[in-house]
1. How many percent of all Cα-Cα pairs in the range 55-121 sit more than 20 Å apart?
2. Once R0 is set to 35 Å, what does the formula 1/(1 + (r/R0)^6) return for the Cβ-Cβ distance between Ser71 and Ser116, expressed as a FRET efficiency to the nearest 0.05?
3. If amide hydrogens are placed 1.01 Å from N in the peptide plane, which non-local residues have theirs closer than 5 Å to the one on Phe67?
4. When the Kirkwood hydrodynamic radius is evaluated over all pairs of different C-alpha atoms of the range 106-156, what value in angstrom, to one decimal, is obtained?
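Taken together, the values in this text are just the output of simple stated rules run on the coordinates, not laboratory data. Here the structure is a predicted model, which is why all the values come from computation and not from measurement. Here the Cβ positions follow ideal geometry from the backbone for every residue, glycine too, while neighbour counts run over all protein chains shown.
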Amino acid sequence: DVMSAASNAEGELASNYDRLLPSGSSKSASSSQPTPSSLVQITPRLTTFTCGHVIPPSNVLTACLSFGPTSKKLDFRHASRSSNEMIDDLGRAILNLCNVVPHGFVIFLPSYNYESQVFQRWRSTGLLSQIDKKKSVHREPKNSRDVEAALAGYSD
């Protein structure tokens with residue numbers, strides 16, 4: 001049952017959220033100061049480089065999801081990432097995360113073309129409006145002159 005799997009995944013993330021954060025991290029975007037280093041080691045094989053951007057490194061959690069809410073393997077290699085099934089499960093996973101991540105979060109996609117494809121699919125299925133009801137959705141503009149305004153909108 002899709003809803004049961006999504007609920008179980010959401011409950012597991014919620015119960016382990018604090019444990020998953022790097023030591024000394026805070027869930028609140030405004031309650032902690034950036035750590036001196038921009039390099040945060042999450043696991044021996046997963047490293048996040050934050051580059052002193054909008055979000056301080058102490059508020060960054062990088063996680064890999066192997067399976068989506070429908071219990072299907074998430075495979076975003078070029079050959080399979082464009083399937084409606086994969087894009088839909090990504091959207092469901094993000095929607096579930098909206099329920100447990102206290103403030104905002106950032107999702108990176110490999111290209112503007114793929115980002116456009118994902119948003120078109122989510123718009124057509126209603127997933128985008130469901131996500132937008134829980135978290136404000138901001139998209140990175142293609143024109144570099146518009147990036148600062150987009151970052152300001154995200155920070156507000």
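1. Values: 708 of 2211 pairs.
More than 20 Å apart: 32 percent of the Cα pairs in the range 55-121.
2. Working from the Cβ atoms, E equals 0.80.
3. Amide H neighbours of Phe67, under 5 Å, 5+ apart: Leu74.
4. Taking every pair of different Cα atoms in the range 106-156, averaging 1/r and inverting gives 12.0 Å.
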